[in-house]
There are 2 protein chains.
Amino acid sequence: MSDVFRALDDETRRTILDELAARDGQTLFEICSTLTMRHGVSSSRQAISQHLAVLEAAGLVATERRGRSKFHYFKPEPIAEIARRWPPGKRIDQ
Amino acid sequence: MSDVFRALDDETRRTILDELAARDGQTLFEICSTLTMRHGVSSSRQAISQHLAVLEAAGLVATERRGRSKFHYFKPEPIAEIARRWPPGKRIDQ
DNA sequence: TTGATATGCAAGCTCCCACTTGCGTATCAT
DNA sequence: ATGATACGCAAGTGGGAGCTTGCATATCAA
């Protein structure tokens, strides 16, 4: 559970989640490309790979290997758990 | 916006939010006491004070001064924004 | 098999974050 | 005014996170 918050505490990892939420099932190289093209991110391949490992350990990304490629899928469940931990409607203030 | 994720990436700060969500409007000393009593946390007063400053900068906690006491209130809005950024029902997988 | 592709592992470096420590300030009771 | 209470500021320290670098592994095409 604490891995989720640590994983989300990084701008590059949040951008990766945005990108996977838009186009699911990308490989590492595809993610590296789209991060450089569409978003202004220009990190190395190893950096992105380590970011994906952190996201996977947190349960925010699931992976599937086919051949020499590894496809990545966004899993929104851990984020829904965050919203359930601090629901907005417990108090009546503001 | 990135301050919210950084603020949530700390076990003590998350416990403070839990505590304020349960009993809103506590002072710094009250928070120090309840953290030690109910939860197993035993941080110094200065540490808790700095944690509250981080939470306030992120918009997760609002404060109100009366006399020499400062009362702290939990604001769930930034967390609702997180849930809105990655909604669960965008895809049909899982 | 050879070479290219796609990814993984591990050590080292730098920098930021949480915590401590010491002092300072404002408010209240006596 | 004096002391006690409740909190704030700022410098210093230790540990962890992200990034790089270099090498290793596995898959596919020729």
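The values are calculated or read from the model by the stated rules, or taken from the named source; none is laboratory data. Source: prediction; values computed, not measured. Please note: Cβ atoms are built from the backbone with ideal geometry, for glycine as well, and neighbour counts cover all protein chains shown. Accessible surface areas use protein heavy atoms only, side chains included; no ligands, DNA or RNA. Shrake-Rupley method; radii C 1.70, N 1.55, O 1.52, S 1.80 Å.
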Residue A:29 - would you say it is within 16 Å of DNA strand C (Cβ to nearest atom), outside any helix (DSSP H, G or I), hydrophobic (A, V, I, L, M, F, W, C) and under 17 Å from the mean Cα position of the chain (by Cα)? no
Whether any residue in the stretch B:73-93 is away from chain A (no Cβ under 11 Å), more than 30 Å from residue A:18 (Cα to Cα) and surrounded by 15 or more Cβ atoms within 10 Å (Cβ to Cβ) is what I want to check. no
Quick one: residue B:59 ticks every box in (1) at positive phi; (2) small (Gly, Ala, Ser); (3) out of contact with any helix residue (DSSP H, G or I) (no Cβ under 6 Å at 6 or more places or on another chain) except a single one, so which number is it? (3)
Please work out which one of (1) within 16 Å of DNA strand D (Cβ to nearest atom); (2) surrounded by 13 or more Cβ atoms within 10 Å (Cβ to Cβ); (3) over 24 Å from residue B:16 (Cα atoms) is the condition residue A:68 fails and give its number. (2)
Within the stretch B:1-33, count every residue that is under 30 Å from residue A:15 (Cβ atoms) and of a type in the set (Asp, Glu). 5
Taking residue A:58, is it at the interface with another protein chain (Cβ under 9 Å from one of its Cβ atoms) and either crowded, with 18+ Cβ neighbours inside 10 Å or more than 18 Å from residue B:85 (Cα to Cα) (or both)? no
If residue A:34 satisfies all but one of (1) more than 14 Å from chain B (Cβ to nearest Cβ); (2) β-branched (Val, Ile, Thr); (3) near DNA strand C (Cβ under 10 Å from one of its atoms), what's the number of the condition it fails? (3)
Of everything in the stretch B:34-53, what is touching a residue at least 12 places away in the same chain (Cβ under 8 Å), under 13 Å from residue B:11 (Cβ atoms) and open to solvent by 10 Å² or more (accessible area, probe 1.4 Å)? Give them in sequence order. B:39, B:41, B:43, B:47, B:51
